[in-house]
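Quick one: structure below, then a few questions.
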Amino acid sequence: MSDVTTAHTSWHDWLISNDPVSRRQARLGQLYRQWLAFRRNPAAMVGLAIVVLLLVVAALAPVISPHDPIAQALDKRLLPPSATYWFGTDSLGRDIFSRIVYGTRVTLVIVLLVVVTVGPIGLLIGCAAGYLGGWVDTVLMRITDVFLAFPRLVLALAFVAALGPGLENAVIAIAFTAWPPYARVARAETLVIRNADYIAAVRLQGASQWRIVMKHVVPMCLPSLIVRSTLDMAGIILTAAGLGFLGLGAQPPIPEWGAMISAGREQIFDQWWVATFPGIAICVVALGFNLLGDGLRDVMDAR
Amino acid sequence: MEQPLLELDNLRVDFHTPTGIVHAVRGLSFTLGRERLGIVGESGSGKSMTGRAILDLIPHPGVVTADRLRFRGQDLTTMDKGARRKLRGRHISMVMQDPKFSLNPVQTVGHQIAEAYRIHHKAGAREARERSLAMLEQVQIREPGRVYDLYPHEVSGGMGQRVMIAMMLIAEPEILIADEPTSALDVTVQLQILKILDDLVTQRGMGLIFISHDLHLVQSFCDRVIVMYGGKAMETLPAAELADEAARARRHPYTLGLLGCLPDLDHPRAELATLKRDPAWLA
Amino acid sequence: MSTKPAIAVDKLNVSFGDSHVVKDLSFAVASGESYGIVGESGSGKSTVLRVLSGLNRDWSGMIAIDGGVQPKARDKAFYRNVQMVFQDPYGSLHPKKTVDDTLAEPLAIHGIGDAEKRIGRAMAEVGLPASFRFRYPHQLSGGQRQRVAIARALVLEPSILLLDEPTSALDVSIQAEVLNLLQALRKERKLTYILVSHDLAVVAHMCERLLVMQFGRGVEEMTARTLAARNPQTAYAQQLLTASEGFRRG
């Protein structure tokens, strides 16, 4: 017992040390301190728990789900929640609980694909525009304005009309309209950062503009990017659900939560469980990302 | 013997942070009469915290305790928040360092002075305006009518500070706490502002607490000086003694250290003396 | 012995939009000299440094470093020769970079090897303990940050250092330490300094000659001795001197 506690305290001391002896110790120490501050925020911890739960469920889907999510059983249609079918069955006799569990994978794929493409692109465009100024700034910002003008769902409809419905096309459609705000915010932050003395100092060392933007400006914009991405995830989930609801996202039989709500809307009064459980899942996950994002903002981006 | 304006005994300001307690002020005691009292110290000495503690402006998680904290005999520690708030501005007022940050950028300066008056006195808009204009004249602003309608970003640093002084003195407080009032100003402007402050304080028989890091300035402006370090008072002495060579033997080593490390036009040296901090001073 | 001044400025004019911030300024600084520029806010003194350092490119006139006339955009060789220390210790270090990162950056930009040794040496020279090497700026005090800024300026081994109010944001006791450090470094490395300050006592202590500026113009150039003797020739310089003596009642 004492070995475990001493091991813990010595890790803690190593991370918390005010005199780190290596770059790694310094960076890990910083992250650890942020974690300690994050941990003090109960709402943020709830958000983290929900997101972790999402990841675990997605990873262990085959282990957790009691039934095959796409196996149809037409004699077991629209059964209410019971011991066998925890959340009941839908209009094709498929177990809703298993579909929700597998649906976490679909949700995660959409969210991660969008955020991973949109964040870096928006950041680079915004920082370059903000730092270089002049015609580069004008051109990049007008391009941003063009994309900002498109309403997400309308653009998605256009994509579907052009390319056909499907998960990948839904992701592309969402990504196309999600990046402009990141570019704008990164540009606004860069405009302030570029007047700082520490940027002047690095200019005075003869650094190229590219080096300054990538190594000095971008790291300062990262915390707010991470926070915004996390908060945005909730919105992306809702947009994907909306597309799914319209039949434009993942196609049957893929268990996408939005499509599941849509499929259940005819039966919403008599067989309420078909639409309600996917709806609750969307709410909980969106809430989880929001709480996590708020907690991250307090720790990383405090104003 | 007149009752002192302010009596402070064993003032403590502690901040209860998640990582431990920070003792910003530890056991400070002094009395203030109708005089200019300077509080001098470096950053972290607790001098600004002292000013804010008197006005009950210490934010959470700060806690203020004192054995005695009395304004003209009234006990401030047992007063409720509302009564304490009424004292602020009306009887004890504060001028801060940078008018850029202490004036509301979206209101004209005249409006802010008039508002300061109306918070404490029942007066109509016209009367408040008249009094504000009169106050602007008292702080040596030459065209009060024109300046009344200017916004804070349209006035210079020195004028902004004069507006602050007008705003803080219009309700005729008995005590003024000035926290680094001239540190953001050019040297020539500093002296003009100090003269205005000096005249007003003398005319009205006020007590002035002048908080600064500038030992030189405090020594030439104030009557008495408290030297603070690490939240404690190292010594309290008449201001004239700071410049007095003969009185050096009586000085606290910290005060001597501070005086010694200043570059001096009249006594050039190859190297400046540095302060050797003795941990015993913090005990 | 080289007669070319380390820094020569002739008829320098700088304008920001409508405001003419520096007007027809001319002065010269000899190699190894410490030259002060004194003035109040709006005098243009900091602008002069920014123009000299190449940060500001909107100027007209002539600037020569070691005899070579400088174009508006400077090259890497210039930056190995001329460096600057900024006023605000809380803004001049990148918040997300350790001391090690900050000192390694100029070496990496110029492709200078044996960074390990150079960084260790730079830290020792400015009196920073080796244990501070991987600290972040928020873990350092104002005086310590300024030492890092000085180390950063010196790691490229320049011959000219531009100092923009390097101690005005520091406590008096820390100021004394930093000024002593700057003096020692100048002697050791035979550096040329231009020190900009509003504090006459600091300038008199650190510099041999100084220029008083007001509203963008050079008002008077004098030696530190003239300043100490309180013997200036212009009324404005006398005004600054009187103001620096403190408050006078009556």
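Here, each number is a calculation from the coordinates, and none is a lab measurement. Bear in mind that the values here come from a model prediction, so they are computed numbers and not experimental data. Positions of Cβ are backbone-derived with ideal geometry, glycine not excepted, and every protein chain shown enters the neighbour counts.
Enter the angle in degrees (range 0 to 90, nearest 10) between the Cα long axis of helix B:125-138 and the first principal axis of the Cα atoms of chain B, meaning the one along which they spread out most.
Computed tilt is about 40 degrees.
Label C:Asp66 and C:Asp18 with points 7 Å out from Cα along Cα→Cβ: what is the distance between them in nm?
My value for the distance between the label points is 4.4 nm.
If I fit a long axis through the Cα atoms of helix A:23-39 and take the longest principal axis of the Cα atoms of chain A, what angle between them do I get, 0 to 90°, rounded to 10?
So the helix axis and the longest Cα principal axis differ by about 50 degrees.
Sticking to Cα atoms, compute the Rg of chain A to one decimal and its Dmax as the biggest Cα-Cα distance, whole number, in Å.
When restricted to Cα atoms, chain A yields Rg and Dmax of 23.3, 77 Å.
Among A:His67, B:His153, C:His20, rank each residue by its count of other Cβ atoms within 10 Å, from fewest to most, as a rough exposure measure.
In order of increasing Cβ crowding within 10 Å: B:His153, C:His20, A:His67.
Let me ask you something else. If we count every other residue with Cβ under 12 angstrom of C:Arg209's Cβ, Lys/Arg +1 and Asp/Glu -1, where does the sum land?
-3
Output wanted: per-residue J couplings in Hz (rounded whole) for the range A:156-168, from phi through Karplus 6.51 cos²θ - 1.76 cosθ + 1.60, θ = phi - 60°, x for Gly and Pro.
So the J values, rounded to whole Hz, are 4, 4, 4, 4, 5, 4, 7, 10, x, x, x, 5, 4.
Sticking with this one: Please determine, in degrees from 0 to 90 and to the nearest 10, the orientation of helix C:99-109 with respect to the longest principal axis defined by the Cα atoms of chain C, where the helix direction is its Cα long axis.
80
Can I ask one more? Under the Karplus relation 6.51 cos²θ - 1.76 cosθ + 1.60, θ = phi - 60°, what is the ordered set of whole-Hz ³J(HN,Hα) values for the range C:151-164, x standing for Gly and Pro?
4, 4, 5, 8, 5, 8, 6, x, 9, 10, 10, 9, 10, 9
From a point 7 Å beyond the Cα of A:Ala71 in the direction of its Cβ, which residues of the range A:249-281 have a backbone N at a distance under 18 Å?
Only A:253-255 pass the distance filter.
Residues in the range C:170-203, backbone N under 16 Å from the label point at B:Glu271 (7 Å along the Cα-to-beta-carbon vector): list them, ranges by number please.
C:174-189
Check B:Tyr229: other-chain or 5+ apart residues with amide H under 5 Å from its amide H, H built from backbone geometry?
B:Met234
What's the magnitude of the charge dipole for the protein assembly as shown around its Cα centre, counting Lys and Arg as +1 and Asp and Glu as -1 at the beta-carbon? Answer in Debye, nearest 20.
The dipole of the protein assembly as shown has a size of about 500 debye.
Any idea what % of Cα-Cα pairs in the protein assembly as shown are farther than 48 Å?
So the pairs more than 48 Å apart make up 38 percent of the total in the protein assembly as shown.
Can you give the FRET efficiency for B:Ala240 and B:Asp9, using 1/(1 + (r/R0)^6), R0 = 25 Å, r = Cβ-Cβ distance, to the nearest 0.05?
0.45
Could I ask something else about it? Apply the Karplus curve 6.51 cos²θ - 1.76 cosθ + 1.60, θ = phi - 60°, to the phi angles in the range C:13-28 and return the couplings in whole Hz, x for Gly and Pro.
Working through the residues one at a time gives 10, 10, 10, 10, x, 7, 8, 8, 8, 10, 10, 6, 8, 9, 6, 9 Hz.
Separate question: Give me the number: length gained by fully extending C:Arg225 to C:Glu157, i.e. 0.36 nm times residue separation minus the C-alpha to C-alpha distance, one decimal in nm.
Taking C:Arg225 through C:Glu157 to full extension adds about 21.4 nm, to one decimal.
Taking the Cβ-Cβ separation of B:Thr202 and B:Glu2 as r and a Förster radius of 25 Å, what is the calculated FRET efficiency to the nearest 0.05?
Approximately 0.95, to the nearest 0.05.
Given the options B:Val63, B:Val227, B:Val139, which has the most mean-square fluctuation in a GNM of chain B, springs set between C-alpha atoms less than 10 angstrom apart?
Evaluated over chain B, the most mobile residue of the options is B:Val63.
Taking amide H atoms as placed 1.01 Å from N in the peptide plane, list the residues 5 or more away in sequence, or in a different chain, whose amide H sits under 5 Å from that of B:Arg68.
B:Asp9
Still on this structure, I have one more. Under a GNM of chain B (C-alpha, springs under 10 Å), which listed residue has the highest mean-square fluctuation: B:Leu37, B:Leu136, B:Leu200?
Evaluated over chain B, the most mobile residue of the options is B:Leu200.
Going by how many other Cβ atoms sit within 10 Å of their own, how do A:Trp86, A:Trp14 line up, fewest first?
The order, fewest Cβ neighbours first, is A:Trp14, A:Trp86.
Could you work out the relative contact order of chain A, using alpha carbon pairs under 8 angstrom and six or more residues apart, expressed as a whole percent?
23
Quickly work out the B:Ala125-to-C:Arg248 label distance, labels modelled 7 Å from Cα along the C-beta direction, and quote it in nm with one decimal.
4.7
I would also like to ask the following. Ranked by Cβ crowding within 10 angstrom, fewest neighbours first, how are A:Ile110, A:Ile100 ordered?
A:Ile100, A:Ile110
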